[in-house]
1. Hey, among B:37, B:115, which residue is under 25 Å from residue B:230 (Cβ atoms) and near the ligand (Cβ under 8 Å from one of its atoms)?
2. How many residues, within the range A:77-124, are open to solvent by less than 10 Å² (accessible area, probe 1.4 Å), over 18 Å from residue A:55 (Cβ atoms) and within 14 Å of chain B (Cβ to nearest Cβ)?
3. Can you find, within the range B:40-54, the residue that is farthest from the other protein chains (Cβ to nearest Cβ) among those that are within 9 Å of the ligand (Cβ to nearest atom) and either of a type in the set (A, V, I, L, M, F, W, C) or under 18 Å from the mean Cα position of the chain (by Cα) (or both)?
4. Restricting attention to the range A:159-170, report how many residues are touching a residue at least 40 places away in the same chain (Cβ under 8 Å) and either exposed (fewer than 13 other Cβ atoms within 10 Å of the Cβ) or touching a Phe, Trp or Tyr at 6+ places or on another chain (Cβ under 7 Å) (or both).
5. Which ones in the range A:669-704 are among the acidic types (Asp, Glu), facing another protein chain (nearest Cβ under 7 Å) and open to solvent by less than 20 Å² (accessible area, probe 1.4 Å)?
6. Could you grab me the full set of residues in the range A:600-653 that are away from chain B (no Cβ under 14 Å), of a type in the set (S, T, N, Q) and open to solvent by less than 10 Å² (accessible area, probe 1.4 Å)?
7. Identify, from the list A:548, A:554, A:563, the residue that is without any contact (Cβ under 8 Å) to a residue 24 or more places away in the chain and out of contact with any Cys (no Cβ under 6 Å at 6 or more places or on another chain).
8. Of everything in the range A:29-69, what is open to solvent by 60 Å² or more (accessible area, probe 1.4 Å), over 30 Å from residue A:134 (Cα atoms) and not in a loop (DSSP other than H, G, I, E, B)? Give them in sequence order.
Amino acid sequence: MEAVNLRNVGHSIPKIDGLSIATGKPAYTEDLAMPHALVLKILRSPHAFAKIISIDTSKAERVEGVECILTYKDVPKVRFTLAGQSYPEPSPYDRMILEGVVRYVGDEVAIIAAVDEKTALKAMKLINVEYEVLEPVLDFEKAIGHPSVVHFEEDLTCNFDIGLHKEQNIVSSHEQAVGDVEKVLKDCEFVVEDVYYPQAQAHAMMETYRSFTYQDYMGRLVVVSSTQVPFHIKRQLARALQIPATKIRVIKPRIGGGFGGKQTGAGDVFAALVTLRTGKPAMIIYDRQETFSCTTSRHAMRIKVRLGADADGFIRAIDLEVLSDTGAYGEHASTVLSCVGEYTLPLYNKTKAVRIRGNAVYTNKMPAGAFRGYGATQGTFALESAVNKLAERLAIDPTEVRLKNISQKGETFLTGHGVQLGSTALDRCIKKGREMIGWKEKFPRQTLSGTKVRGVGMAITMQGSGIANIGTASAEIRLTDDGNFALLIGATDMGTGCDTILSQIAAEVLEVPLDKIYVSAGDTDTSPFDPGSYASSTTYLAGTAVLKAAEELKGKILDQGAKFLGASKENVIFEELSVRRIDGEGEISLAKIAEQTILGMGNLQLAAMATHGSQISPPPYVAGFAEVEVDVETGKVDLIDYVAVVDCGTMINPNLARIQAEGGIVQGIGMALFEEVRYSNLGKMETNTFMQYKIPCRQDVGNVRIAFEESYEPSGPFGAKSIGEVVANTPPPAIVNAVYNAVGVQVHHLPVTAEKVFLEMLKQQ
Amino acid sequence: MYDIRGYYEAETVREATELLRANPKLKIIAGGTDVLVKMHGGQLEDAELLSIRKIQELRDIRKLENGTIAVGPMATFTNVFNDQVVNKYVPILAEAAISMGGPQIRNIATIGGNVCNGATSADSASSLFALNARLKLQTFQGERVIPIQEFYLGPGKVDLKPGEVLTDILIYPEDYQGFGGQYIKFAMREAMDIATLGVAVLCKLDSGNFGEIRIGLGVAGPTPLRCVEAEEFARGKKISLETIGEIGKLAVKSTKARTSWRASKEYREHLVEELTQRALQTAIVRAGGVDFV
Ligand SMILES: Cc1cc2nc3c(=O)[nH]c(=O)nc-3n(C[C@H](O)[C@H](O)[C@H](O)COP(=O)(O)OP(=O)(O)OC[C@H]3O[C@@H](n4cnc5c(N)ncnc54)[C@H](O)[C@@H]3O)c2cc1C
């Protein structure tokens, strides 16, 4: 469908749930929990790696108000993964609900359920655990071949070969190569080689992880969870608890942010287990410390890059070697690893050979998991930093190096299996961005005074839109008895606004005002299947499913209307909420059609359901430009200006696209300048509060300016691609590059702190 | 979780001191931004709290007849920042106030709480050290006035005797009249952050020479401190970039910086040297002297 003369799509319609949320209506998991639900607390391991010799819960159980205390002796002996991925999950089944081995500081030891929090905490202190402490693996660069093996158990399994070598602490190894990289590199006039360390980052969403469970009158387990993936949670619980999936219903209410974190299960299994054991409602709320230190973070990585270019500045070879720290459990280990190349190598297609290889390793730290950007963020930091270095070596402006080398519409790229690029406005994004930032005047640096120097830097990035050949989404639309439309979706709005944009798409196709549509989403009993909101899928896949369902339903309405009017379908049109004969000889309103079909003699409720998957995952793009001011006496970096120009295809809702972009850029700025998940030398997380873990505040992000250069993606709904993740990727390389251009300091380990910059400057003097 | 065993409210200083005499275990709560955080973190259990929020007289900021500035301990950082007396006579304290936390915290956190909490990072402390502030401490029986330097005993430890309430922060005329000054907070973030280093410098000129300078530092040791050696060196010296550089170097000598997650010792020392000079240069200009920048 073309994006012209549209009434809903392309308009900045306010989020349909915005006002309710802003005015504090009960919308979130905790708001919906029953007041008498049992309160859960988790006793967690103080050791990075240990075996439990004994647990004595007898004293704790005697505390009045304690309902039950569960340990590894009380759980099914089956391994599963918390990763919310389509079945068969590519993450190893390497954890149990509770186990006699603990693998990181914060790993679960016992579940305490009591009448209130105070009682649960009191009981927790009375549990006596004896540990045999083992030597932990903490440095991920020393994990392979470490004398300690994080997962030595026999019953760890994978659904298919992901290159697991658990005796070596390798959870997954990956290699993809096209052409002979070594040979091409040898022939290149210019070769750049460098190592980059993108750090672990915390999601830091507003609403911490939480889950509320109860059994309905049929004995089914109902789980109300702050999750991005209700259907995956259902499957996960069925396996972990060894109960039939038909016995489980997962409901997703409003979500206070996820950023990928809630694509991995957290407390659901514990609450569910307690409800099954006691028959009583139970609620678990992770506090901020648990959210920081007992869930997941972004995978920290070491990425070695080699880049070769010929004398004309064409990039001919790219070689990435990745080591990824997946922590104690392998959630998303193999896929984040492969995405490092998946979402970077296609950027440049003048290449003759490209390769990515690497390992994801187990360590005794909090697991890493899905995080907005999903490997692309880390890969972009490494590749784009290297491209900036190459540009310097080539003595070509970095924007020109990109323009020369990027893939264009209709072209293919080495790792793309011959698929042609359906849409890109990246060249326009680069040109517009450099104009907005004032690149020509400012590159590379301006000296303001004896102590202040400004520099500019840039980077480009891509992501996917859904997962090709795996991701699907279903949607159903019904004409209701009152002449309105029920839109049923499994897509999970987590503050992103997908309930709004999917309604816009439905309204557009059905040619009805938005307020005639209401959304019912995120309930595994009633919603059609959707893997959930991740992998930048929702607009592209769920959007198309909605579009298809709406088209089908519209056809049915016309058919039915024509029938009532005694005309053929070709001789009626839909106009002003009525089906009308072209010859003007009669019309029937939508309300009447609804009434007649459902209540009258029609005996047929009009509804349509569609499922959509895609064989391709068209990339959205961003060109990011940073201007920083460095204080040469202290090394302090102030971000002055950040320009991001985005190609997300057609914007279904420009305002919502803009806030996605702004939020993503700020999250990227946090990664570039402030945020880092750090551990003590005993493996205890040090950054488990917002005091230690710094996310940027409003005054730290300077001027964030977003612009759009729309392209038209033929395979997307109204030409749309994704936007949610791609926007997080450019700040680390662009800002690092700007600092380099200002003061000549190349930071390899994120984040860029004042101290690092200053000490490097000292070394250079 | 807040484990509050009891809660009392005093409406006058007298009532507060009486309650404290009757129950010396009472924990004073002012804005609560330190007390409640500690309770939440389990560092303060089973607390019985004595609120002094209703004692109106403790909120006032005024200039006494003898020129002494008296800052009520219950003045919030927003009060301090907006106060005319502060801005006119001790602007370095207003600079400290606005650097603290964010708007919400500044609206509730008090300057007295900041001092009594005893943190080396307290944003008001460096300025109060430079201003030679005195603290008036009252008990049921009487009161004492001591220099702020003597109040700070160690990290989180202050010389607050059982039964005592801080009732005034006093700045004498000879400690602010004729001085120019600046407070620089160096932190990782522009707001909502604890200082990596706090530097307060006051400077009085004496016809082209340094008359008197005062350097107060936060997070350069276990308590806020003064750089006595540098201050003495400066007295009577000609104002030049060279002298300023030397003062910066000497300032480091008074510090007992250590490596923490916020910064290494080396870097902190470098910041002391650099930022002392910076603040001093501004202080000179504000005292009516030459502008080196
Ligand atoms: C989010 C956040 C950000 C913060 N940012 C900063 C910052 O940037 N800079 C900074 O310096 N601090 C900061 N703090 C710490 C804190 O806000 C300050 O130390 C504040 O000034 C404490 O004042 P209060 O009134 O809240 O004290 P309270 O918490 O009520 O009390 C603090 C201590 O002082 C005692 N006390 C209070 N008043 C008296 C009195 N009159 N007599 C005797 N004892 C008394 C109390 O018993 C307690 O021991 C921050 C705190 C939070 C939560």
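1. Details: B:37 fails: under 25 Å from residue B:230 (Cβ atoms).
Result: B:115 is the single residue among B:37, B:115 that is under 25 Å from residue B:230 (Cβ atoms) and near the ligand (Cβ under 8 Å from one of its atoms).
2. Selection size over the range A:77-124: 0.
3. B:52
4. Looking only at that region, the number is 2.
5. The answer is A:700, and nothing else.
6. The answer is A:653, and nothing else.
7. Going through A:548, A:554, A:563 in turn, just one is without any contact (Cβ under 8 Å) to a residue 24 or more places away in the chain and out of contact with any Cys (no Cβ under 6 Å at 6 or more places or on another chain): A:563.
8. A:30, A:31, A:32, A:67
The values are calculated or read from the model by the stated rules, or taken from the named source; none is laboratory data. What you see is a predicted model, and the numbers here were worked out from it, not measured in a lab. When we count neighbours, we look across all protein chains shown, and the Cβ atoms used for this are built from the backbone with ideal geometry, even at glycine. Quick note on the areas: whole protein, heavy atoms, side chains included, nothing else; ligands and nucleic acids left out. Shrake-Rupley method; radii C 1.70, N 1.55, O 1.52, S 1.80 Å.
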